[in-house]
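Input: a single structure, listed below in structure tokens.
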Amino acid sequence: MILISDAKQLRPDIRAPFSVALGDQTLLCEEILRMLPNKRMVVKGRWKGMPVVGKIYFGTRRAERYFQETLRGTRLLEKHHIRTPEILYSEGSNHLFVILFKYLKQTIDADDLFFATNAEPFIQQLALQHAKGLLHSDLHPHNYLATQEGLFVLDSQEVRQKGMPLPMADCLKNLGELLAQLSPTADDKLEKLLDVYLQGRKDLNTYDKKADWVRQLEHWQYLSRLKREKEKLKKIFRNATLFRAGKNKHFHYVCRKEYVSPEFISFLNAPDFWMDKGECLKDGNTCTVSKVSIDGRLFVVKRYNIKNWLHRLNRFFRSTRAAQYWKNAHRLELYRMPLPKPVALIEKRYGIFRGKAYYVSEFVSGDLLNRYLEHKISLEQKQRILQQIKIIFDCFLRLKLTHGDMKASNFIVHDQKVFMIDLDSIKRLTGQKRLLRALEKDKRRFLMNLKDSTLQEIFYSL
């Protein structure tokens with residue numbers, strides 16, 4: 001087993017178990033929970049026979065600064081009696097800085113709790129922080145641990161003391177950053193969620209500005225969503241925590257790391273070969289769609305074809321439609337909207353020029369929406385399906401997005417749940433009039449496929 005005593009020994013490819021020398025004691029690292037190469041890692045292990053979680057900072061000149069900021073933030077939380085894991089050890093040497101926290105057993109995944117409760121326990125916890133004058137500028141469900149005792153703040157590096165209590169403008173901005181992570185389906189509960197926050201702020205004696213606070217909260221929530229989107233979409237075309245990018249003689253690609261295997265790499269190197277031996281779902285002039293099996297899992301591969309030399313010239317200098325699909329799929333995934341999981345993007349390139357491109361997603365079995373609604377199912381079932389479409393329209397309105405090709409055949413129904421496909425035409429329109437016109441066009445396009453007048457009436461009533 002490797003014994004680490006210097007930051008230079010913590011290479012990105014290190015695997016557990018390994019040990020870290022801490023003075024006259026040793027930290028046994030049994031599992032790497034998170035790794036940011038040349039920055040920090042979070043490990044689960046044992047120290048003095050006790051289970052611990054360790055944060056190890058290394059590799060940059062800022063390592064000591066991050067180490068000190070985490071210590072300061074944790075002590076601020078402890079000072080104000082806000083739950084955070086207890087520090088058992090903190091020390092640094094040889095450019096290696098370590099903090100060991102008492103291990104706490106998770107009773108429910110924080111992400112699941114956040115979305116199942118519309119973030120109410122997190123809002124109550126945030127209200128307590130604000131009442132104590134604390135500002136946490138990195139609010140994510142995974143920065144909390146849900147235990148039987150309640151929520152614990154895990155990542156305290158971004159906690160600052162800003163005054164007591166925190167100014168209301170800062171509170172609403174911070175709360176908006178938290179609520180931006182909810183699905184747009186929760187937006188109609190915004191006033192109720194503000195009430196949850198205000199109930200936790202015993203220091204606030206007036207509610208006469210509540211209507212103005214709701215407007216401010218909507219504003220900060222929207223801006224925070226744009227910021228999160230921008231940060232997310234910067235990472236999806238390059239090597240990152242979740243993605244692996246690469247190239248070979250013919251193709252550039254990026255894919256989700258969880259799917260990488262020798263067989264999947266073989267597919268990335270020769271997508272046409274795999275499509276030919278798969279099941280053809282559509283063979284059109286502009287695109288070809290196949291279902292392929294890789295590592296025993298089913299995927300859908302959509303190839304955007306080049307029709308002729310003029311079409312090739314037209315697409316040479318533009319982002320490929322597959323890249324637009326990849327971008328929009330991750331944008332909607334961020335808002336927990338229903339779509340087959342995006343898996344990979346493959347592009348044929350000639351220097352800076354682009355040719356054929358491929359979008360890969362997980363396969364979702366089911367019927368296209370227009371065919372599903374023709375089946376002999378009850379009117380109540382049809383109404384439930386159309387209600388899901390209505391919710392999708394509502395989400396697009398709240399996110400200021402337009403689909404651009406909202407036909408019924410661009411939805412799949414699987415197990416009574418609607419999934420969106422063909423997302424390469426989605427755009428954001430900030431002007432309210434333009435947005436409403438575009439969404440009205442989407443609605444008309446969708447209704448064209450609902451030939452049954454009863455279904456049209458149901459959809460209009462929704």
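Name every residue in segment 107-124 that is within 24 Å of Ala180 (Cβ to Cβ) and not in a helix (DSSP H, G or I), in order of residue number. If the condition is that a residue be within 24 Å of Ala180 (Cβ to Cβ) and not in a helix (DSSP H, G or I), then Ile108, Asp109, Thr117, Asn118, Ala119 are the ones that fit. Here Lys210, Lys173 are screened, and the one residue that is out of contact with any strand residue (DSSP E or B) (no Cβ under 6 Å at 6 or more places or on another chain) and closer than 30 Å to Arg40 by Cβ is Lys173. When we screen Leu423, Leu373 for residues that are surrounded by 20 or more Cβ atoms within 10 Å (Cβ to Cβ), of a type in the set (A, V, I, L, M), under 25 Å from Tyr259 (Cβ atoms) and not assigned by TED's automatic domain parsing to the domain that holds Thr185, the only hit is Leu423. Please indicate, with yes or no, whether at least one residue in segment 263-276 is part of a strand (DSSP E or B), in contact (Cβ under 8 Å) with a residue 24 or more places away in the chain and in contact with a helix residue (DSSP H, G or I) (Cβ under 8 Å, 6 or more places away or on another chain). Scanning segment 263-276 turns up no residue that is part of a strand (DSSP E or B), in contact (Cβ under 8 Å) with a residue 24 or more places away in the chain and in contact with a helix residue (DSSP H, G or I) (Cβ under 8 Å, 6 or more places away or on another chain). Counting only residues that are within 29 Å of the chain's Cα centre (by Cα), in contact (Cβ under 8 Å) with a residue 40 or more places away in the chain and in a loop (DSSP other than H, G, I, E, B), segment 428-461 holds 0 of them.
Candidates Asp203, Asp195, Asp212: the one that is touching a Pro at 6+ places or on another chain (Cβ under 9 Å), surrounded by fewer than 17 Cβ atoms within 10 Å (Cβ to Cβ) and either outside the structural domain of Ala344 (by TED's automatic domain parsing) or part of a loop (DSSP other than H, G, I, E, B) (or both) is Asp203. Listed by first and then second residue, the pairs with beta-carbon distance under 8 Å, at least 6 apart or on different chains, first residue in segment 296-307 and in contact (Cβ under 8 Å) with a residue 24 or more places away in the chain and farther than 10 Å from Met275 by Cα, second part of a strand (DSSP E or B) and among the aromatic types (Phe, Trp, Tyr), are Tyr304/Tyr358; Tyr304/Tyr359. So, in segment 36-91, of the ones that are of a type in the set (S, T, N, Q) and not in a helix (DSSP H, G or I), which residue ends up surrounded by the most Cβ atoms within 10 Å (Cβ to Cβ)? Filtering segment 36-91 for residues that are of a type in the set (S, T, N, Q) and not in a helix (DSSP H, G or I), the one surrounded by the most Cβ atoms within 10 Å (Cβ to Cβ) comes out as Thr84. Pairs are defined by a Cβ separation below 8 Å, a sequence spacing of at least 6 or placement on different chains, a first member in segment 318-338 that is closer than 14 Å to Leu401 by Cβ and in contact (Cβ under 8 Å) with a residue 12 or more places away in the chain, and a second member that is assigned to a helix (DSSP H, G or I) and of a type in the set (Val, Ile, Thr); the pairs so defined are Met337/Ile392. Considered as a group, the residues in segment 270-308 that are in contact with a Ser or Thr (Cβ under 7 Å, 6 or more places away or on another chain) and of a type in the set (Asp, Glu) include one that is surrounded by the most Cβ atoms within 10 Å (Cβ to Cβ), and that residue is Glu279.
The values are calculated or read from the model by the stated rules, or taken from the named source; none is laboratory data. Since the model is a prediction, treat every value here as computed from it, not as a measurement. Positions of Cβ are generated from backbone atoms using ideal geometry, with glycine treated the same way; all protein chains shown enter the neighbour counts.
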